[in-house]
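Derivation of every value follows stated rules applied to the coordinates shown; laboratory data play no part. Remember, predicted model here, so these are calculated numbers, not experimental data. Virtual Cβ from ideal backbone geometry, glycine too; neighbours counted across all protein chains shown.
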Amino acid sequence: MSRNPYVRTVSPTTWYMRNGRYIRYILREVSSLFIGLYMAGLAMSLMRLAQGPKAWDAYVDGLSSPVALVFHALAFVFATYHAMSWFNVTPKAMRIRRGDDYVPGPLIVRAHYILWGVVSLVILVFVGVL
Amino acid sequence: MAKSNKPIVWGLFAAGGTISAFCVPALILAHGLLVPLGVFGENALSYERAKAVIGFFPVTLVVLAVVILTLWHAAHRIRITMHDFGIRNDQIVAILCYGSATVFSMAALMGATAI
């Protein structure tokens, strides 16, 4: 035992403020808070729909309150950040072999972005006609 | 061999992460921003159409899959993130995270089956 051990002082609550890489990491993790809250709201909207036209119309009206708009704007930014961080690491998660080689990473990422665009368009049209 | 529930937890986390990456930004943009800003017109999200379309069985299934998997994804990530913020009482955090994901999943399920 050394008598005077070196103790690195790292704050357990604010350690991620030290550099940009950590800040990007913690922002990506925090995206889950917004996505979770948003999904809880979407789950409750299914209840409202089941409760009848009055409950549903009140829910839809509530969407245009300033609080809801600010929350959804923030949640949209975080959800987009989550999606990009998720798709950017897909080559690490899925290594696809083609013959003797692996499919190049940028190709896998690009394929995900294209599919993301298609799915997003479908959702926009779907909600648009609803 | 030691048994672990990690593959299940992680598998659901990854599934939810993927499905939310594809769907959630557009969902928020469409019904959280464009509808209230009036882009889709005055009668967007009308009760009759929402009931008919979301109550249509295949659509109900897709909506439920997106909601429940995304809730699980978020719950798991929030649990891990609490550790990053210095909250070390993992057991309570886990119960709160997975517990609320379960409660809201049940709400979605109950709502969807009653439409």
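Restricting the trypsin sites (Lys or Arg not before Pro) of segment A:27-130 to loop positions (DSSP other than H, G, I, E, B) with no more than 14 neighbouring Cβ atoms within 10 Å leaves A:Arg95.
For chain A, a/c is not less than 1.5, where a ≥ b ≥ c are the root eigenvalues of the C-alpha gyration tensor, and a/b does not top b/c. That puts it in the oblate class.
Residues B:Thr60, A:Thr14, ranked from the fewest to the most other C-beta atoms within 10 Å, line up as A:Thr14, B:Thr60. Using a Debye calculation, one point per C-alpha and no hydration shell, please list log10 I(q)/I(0) for segment A:89-130 at q = 0.13, 0.19 Å⁻¹ in order. Treating every Cα as an identical point scatterer, log10 I(q)/I(0) equals -0.41, -0.62. Counting neighbouring beta carbons within 10 Å and listing from fewest to most, the residues B:Glu48, B:Glu42, A:Glu29 come out as B:Glu42, B:Glu48, A:Glu29. Classify segment B:41-96 as rounded, prolate or oblate from the Cα gyration tensor: take a ≥ b ≥ c as the square roots of its eigenvalues, call it rounded if a/c is under 1.5, otherwise prolate when a/b beats b/c and oblate if not. Verdict is prolate for segment B:41-96. May I ask which residue of B:Val39, A:Val125, B:Val63 lies farthest towards the positive end of the charge dipole of the protein assembly as shown, with charges of +1 (Lys, Arg) and -1 (Asp, Glu) on Cβ and the Cα centre as origin? Of B:Val39, A:Val125, B:Val63, it is B:Val63. Taken as Cα centroids, segment A:95-130 and segment B:96-111 sit 30 Å apart, rounded to the nearest whole angstrom. Within the set of other residues whose C-beta is less than 15 Å from the C-beta of A:Ser11, count the net charge using Lys and Arg as +1 and Asp and Glu as -1. Summing Lys/Arg as +1 and Asp/Glu as -1 gives +2. Maximal additional length on extending the A:Ile23-A:Val119 stretch stands at 31.6 nm, based on 0.36 nm per residue less the C-alpha distance.
Restricting the calculation to Cα atoms, every distinct pair contributes to the Kirkwood radius of the protein assembly as shown, found to be 19.8 Å.
Using only alpha-carbon positions in segment A:15-77, the gyration tensor eigenvalues give semi-axes of 33, 12, 6 Å once each is multiplied by 5 and square-rooted (largest first). Normalised by the number of residues in chain A, the mean separation of alpha-carbon contacts (under 8 Å, six or more apart) gives a relative contact order of 19 percent. Comparing mean-square fluctuations of A:Tyr81, A:Tyr38, A:Tyr16 from a GNM of chain A with C-alpha springs under 10 Å, the top value falls on A:Tyr16. Across chain B, the longest run free of exposed loop sites, meaning trypsin sites (Lys or Arg not before Pro) lying outside DSSP classes H, G, I, E and B with no more than 11 other Cβ atoms within 10 Å, spans B:4-87. For A:Lys54, the lysines whose Cα falls under 27 Å of its own Cα, not counting residues fewer than eight places away in the same chain, are B:Lys51.
Each 5 Å bin from zero up to the one holding the largest Cα-Cα distance in chain B carries the following percent of pairs: 2, 10, 15, 19, 19, 14, 9, 6, 4, 1, 0, 0, 0. Helices that extend 24 Å or more along their long axis by alpha-carbon positions and average at least -0.5 on the Kyte-Doolittle scale are, among the DSSP H runs of chain A, A:20-51, A:66-88, A:105-129.
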